[in-house]
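Each remark here refers to the structure printed beneath this line.
The values are calculated or read from the model by the stated rules, or taken from the named source; none is laboratory data. Keep in mind that what you see is a predicted model, and the values were worked out from it rather than measured. Heads up, the Cβs are rebuilt from the backbone with ideal geometry, glycines too, and the neighbour counts pull from every protein chain shown.
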């Protein structure tokens, strides 16, 4: 009787799928980098400008179908160096908006999709801020 039970259990083990490389180890996504330069309206690098990183939501359930909503959940900020450059390291794969500028000099942004372990370079041109009429 035990012999038949052993054969039955052994046969069930043979029916179980064998582990594969895809199922035995989880795929770890490596963080990436976003680097870039901020330039003024004249195309020259701008020093000391705040640069922020925010997630981009593909669609917000309350937004119109053709509108892309931005979640302003700040993920970090930095300032440009003398040559207008900046860098964000350790950025998890996903969609981001890089926003630079202020009310005085101007504002600009770039949308970036970071993939595992990638380095992405952007140039952000600051455009003058048009005052809103009240």
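Of the residues 76, 6, the single one that is touching a strand residue (DSSP E or B) at 6+ places or on another chain (Cβ under 6 Å) and either at positive phi or at pLDDT below 95 (or both) is 76. Inspection of the range 22-38 finds no residue satisfying the criterion of being more than 16 Å from the chain's Cα centre (by Cα), assigned to a loop (DSSP other than H, G, I, E, B), under 19 Å from residue 128 (Cβ atoms) and at pLDDT 65 or above. Would you confirm whether any residue within the range 48-64 is outside any strand (DSSP E or B), buried (at least 18 other Cβ atoms within 10 Å of the Cβ) and modelled with pLDDT of 95 or more? Scanning the range 48-64, I find at least one residue that is outside any strand (DSSP E or B), buried (at least 18 other Cβ atoms within 10 Å of the Cβ) and modelled with pLDDT of 95 or more, so the answer is yes.
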